[in-house]
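> Sharing a structure with you now.
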Amino acid sequence: MILPVIVFSQFCCTSLWFAGNGVMTDLVASFELSNKALGHLTSAVQLGFIVGTLLFAILTIADRFAPSKVFFGCALIGALFNLGIVWEGNSMASILALRFLTGFFLAGIYPVGMKIAADYYKKGLGKSLGFLVGALVVGTAFPHLAKEITGSLSWKWVLILTSCLAIVGGLFMVLLVGNGPFRKSGNKIDLTAFFGVFGRPTFRSAAFGYFGHMWELYAFWAFVPVMLKTYGGLHPQTAFNIPLLSFLIIAIGGLACVLGGYLAHAFGTKRVAFSALLLSALCCLVSPFFFIVSSEAIFVGFLFFWGMVVIADSPLFSTMVAHNAARELKGTALTIVNCIGFSITIVSIQLLTVIQTRVSPTYMYVFLAIGPIIGLIVLSKKHKTISAHT
């Protein structure tokens with residue numbers, strides 16, 4: 001029963017990630033923020049996560065201390081900073097700081113949750129991480145659903161709800177999940193670990209595939225409501241429920257993660273990851289054509305498909321990373337790759353934020369294909385083996 005607890009805890013705690021995005025319109029109105037707030041506040045969370053994962057990796061936190069206790073502590077502190085946004089005296093600067101600090105402590109939740117799963121599941125890790133990343137996806141999407149559920153209430157209830165969920169998730173992890181049977185503790189700080197993990201060619205290949213995937217993923221998630229609003233502007237007869245559709249388009253990726261794990265078991269992890277990355281790259285490239293289609297069902301169907309393939313490869317890349325890292329540095333390796341991957345998301349999110357006023361909104365998402373294409377090139381290079389036991 002360990003995996004359901006880990007999955008539930010991951011869902012609860014990662015709801016902190018897009019809590020600000022779920023009430024972005026309200027934040028802009030309440031605190032008189034600029035129209036660029038979406039990109040800046042999303043990037044603040046990402047930057048906090050990057051700094052957190054960098055520090056966690058350098059200090060090998062996830063390998064030196066009990067992962068479930070690290071998870072709980074970070075869930076509790078992250079929930080408090082998330083809740084701080086409800087203070088009426090906030091400004092753009094203070095909200096940015098609060099989102100940064102929330103992101104910082106998410107570094108002790110997402111990669112540490114994967115580390116805990118890797119400590120429990122050696123055989124079948126791909127399937128396990130499929131469920132785990134699926135929980136991240138649904139947790140990330142949840143604030144949009146919370147906004148829809150609490151529509152008649154103050155926007156502050158979305159933040160209160162996500163903070164309470166994070167505390168519950170942290171308690172479940174620390175009370176019900178101990179150290180896994182495959183955990184190998186690191187006893188000292190290894191300042192060379194950050195660079196040393198890239199010594200294996202197979203590890204580098206898996207990591208760079210993940211980096212290409214990350215260029216696209218969070219920019220897509222952040223701009224899903226913008227895509228729906230853009231289509232509505234081009235087709236005035238359309239009446240989208242943007243919060244609900246945003247939740248569904250992002251959350252369906254959770255199902256894709258689980259399906260990806262089972263497909264990887266049948267066809268191979270690398271092959272399935274490559275296929276998903278290829279399909280998401282194609283979605284980026286053909287996206288302009290769907291904005292001009294008059295059928296809203298076709299447009300929404302396309303976004304649902306994109307929402308699936310954009311994330312389906314994530315647990316598979318994490319599986320390859322975990323299997324190709326030294327056992328005693330597995331947690332650190334996952335954290336390092338997350339750190340670099342989320343650094344890349346800031347670049348792509350800020351790129352879309354800048355070009356949305358300079359490029360037609362129907363063509364701007366083509367730029368998201370850059371990362372997947374680079375990832376596909378790196379993955380297509382031959383190595384002896386990319387170990388990824390599923």
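> In percent, how large is the relative contact order of segment 251-390, given Cα pairs closer than 8 Å and 6 or more residues apart?
For segment 251-390, the relative contact order is 40 percent.
> Then there is this: Where does each of 269-280, 312-323, 296-307, 210-221 land if you order them by average Cβ count within 10 Å, highest first?
Result, highest mean first: 312-323, 210-221, 269-280, 296-307.
> I've got another one for you. Which order do the peptides 154-161, 106-113, 3-10 take when ranked by the mean count of other beta-carbon atoms within 10 Å per residue, highest first?
So the peptides 154-161, 106-113, 3-10, ranked by packing, come out 106-113, 3-10, 154-161.
> So, R0 is 30 Å and r is the distance between the beta-carbons of V286 and E32; what FRET efficiency does that work out to, to 0.05?
0.20
> By how many nm would the segment from S91 to A326 grow when fully extended, if each residue of separation counts as 0.36 nm and the alpha-carbon distance is taken off?
Length gained between S91 and A326: 80.1 nm.
> With r defined as the distance between the Cβ atoms of I298 and L259 and R0 fixed at 25 Å, what FRET efficiency is calculated, to the nearest 0.05?
0.65
> Over the chain, what is the mean sequence separation of C-alpha contacts under 8 Å (at least six apart), divided by residue count, expressed as relative contact order in percent?
Reported relative contact order: 28 percent.
> For L234 and I355 in one chain, what is 0.36 nm times their gap in residues minus the Cα-Cα distance, to one decimal in nm?
So the chain would gain 41.7 nm between L234 and I355.
> Using a simple spin-label model with points 7 Å from Cα along the Cα→Cβ vector, what separation in nm is obtained for N241 and S152?
1.5
No lab work stands behind these numbers, since they all come straight from the coordinates. Everything numeric here is computed off the predicted structure, so don't read it as measured data. A quick note on method: Cβ atoms are made from the backbone with ideal geometry, for glycine too, and the neighbour counts reach across all protein chains shown.
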